[in-house]
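Visitor: Quick one: structure below, then a few questions.
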Amino acid sequence: FADGVASHFFFHWLDTAATQLVGGGPDDGNLFAYTATSLVLDFTLFTPFWCLAFVVYMAAARGESQPLVRARERWFPLYVSNVGAWLPFNAVIYGFAPIDLRVTALTFCTVVYTAYLSFFSEREATMKNTMKAKSTKL
């Protein structure tokens, strides 16, 4: 919920900022410059704080006594993987989704990405169990 609300306000701010920086929006023939500017602003202004909040929240939810120490260890790898994974999704969202549908597009992409991660994780667990079973029989 909080992520969707924050994204809504951020997307509206980002649209205004990118349009002003580029001198027009995607409908004005500035699709590439607008999308690139939006990506740079997102990955420098929103994503770092989102990653920090996520790591701290997850550490606190697990009952870790020092969530900020955990954040120091996990923030950079999470940030790098987040940028790599979300670059194509965000490029499509910023380039083609109307401003009023961006949170919906983000949610759709999140579901697709989560399903992929779940599939990958399950596949990996199945492979480990298969390997373990084969090594036990030998």
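The values are calculated or read from the model by the stated rules, or taken from the named source; none is laboratory data. Since this is a predicted model, take the numbers as computed values, not measurements. Backbone-built Cβ (ideal geometry, glycine too); neighbour counts: all protein chains shown. Note: areas computed on protein heavy atoms with side chains; ligands, DNA, RNA excluded. Shrake-Rupley method; radii C 1.70, N 1.55, O 1.52, S 1.80 Å.
Visitor: Would you please give the residues with an amide H less than 5 Å from that of Asn30, counting only those at least 5 places away or on a separate chain, with H modeled from the backbone geometry?
Guide: Residues meeting the criterion, in which the H sits 1.01 Å from N, do not exist here.
Visitor: For a Förster distance of 25 Å, can you work out the FRET efficiency between the beta-carbons of Val112 and Phe76, rounded to the nearest 0.05?
Guide: Values: r = 25 Å, r/R0 = 1.01.
For Val112 and Phe76, the calculated efficiency is 0.50.
Visitor: Starting from the Cα coordinates of the range 33-118, work out the convex hull volume and express it per residue in Å³.
Guide: Value for the range 33-118: 101 Å³ per residue.
Visitor: As a test question: what accessible area, to the nearest 10 Å², does Glu73 have when a 1.4 Å probe is rolled over all protein chains in place?
Guide: Answer for Glu73: close to 110 Å² accessible.
Visitor: Could I ask something else about it? When the accessible area of the chain is computed with all protein chains present and a 1.4 Å probe, what percentage of it is carbon and sulfur?
Guide: Working: 6400 of 9340 Å².
It is 68 percent, rounded to a whole number.
Visitor: If I model a spin label at Arg123 and Asp3 as a point 7 Å from the Cα along the Cα→Cβ vector, what separation in nanometres do I get?
Guide: With each label placed 7 Å out from Cα toward Cβ, I get 2.2 nm.
Visitor: Give, to the nearest whole percent, the P(r) tail of the range 1-44 beyond 12 angstrom, counting all Cα pairs.
Guide: 57
Visitor: Under the Karplus relation 6.51 cos²θ - 1.76 cosθ + 1.60, θ = phi - 60°, what is the ordered set of whole-Hz ³J(HN,Hα) values for the range 38-53, x standing for Gly and Pro?
Guide: 4, 5, 4, 5, 4, 6, 9, 10, 9, 4, x, 6, 4, 4, 4, 4
Visitor: Right, something else. Let me have the relative contact order for the range 15-80, percent, based on Cα pairs under 8 Å that are six or more residues apart.
Guide: Values: 44 pairs, mean separation 14.0, N = 66.
Relative contact order for the range 15-80 comes out at 21 percent.
Visitor: Still on this model: Using the heavy atoms of the protein chains and a 1.4 angstrom probe, tell me the accessible area per residue for the chain in square angstrom.
Guide: For the chain, the per-residue accessible area is 68 Å².
Visitor: Rounded to whole Hz and in sequence order, give me ³J(HN,Hα) for the range 101-109 from the Karplus expression 6.51 cos²θ - 1.76 cosθ + 1.60, θ = phi - 60°, writing x for Gly and Pro.
Guide: 10, 5, 5, 5, 4, 4, 5, 4, 4
Visitor: Mind giving me the FRET efficiency for Met58 and Ala36? R0 is 25 Å, r the Cβ-Cβ distance, nearest 0.05 is fine.
Guide: Numbers: r = 31 Å, r/R0 = 1.24.
The formula returns an efficiency of 0.20 here.
Visitor: Can you compute 3J(HN,Hα) from phi for each residue in the range 64-73, using the Karplus curve 6.51 cos²θ - 1.76 cosθ + 1.60 with θ = phi - 60°, rounded to whole Hz and x for Gly and Pro?
Guide: Working through the residues one at a time gives 5, 6, 10, x, 6, 5, 4, 4, 4, 7 Hz.
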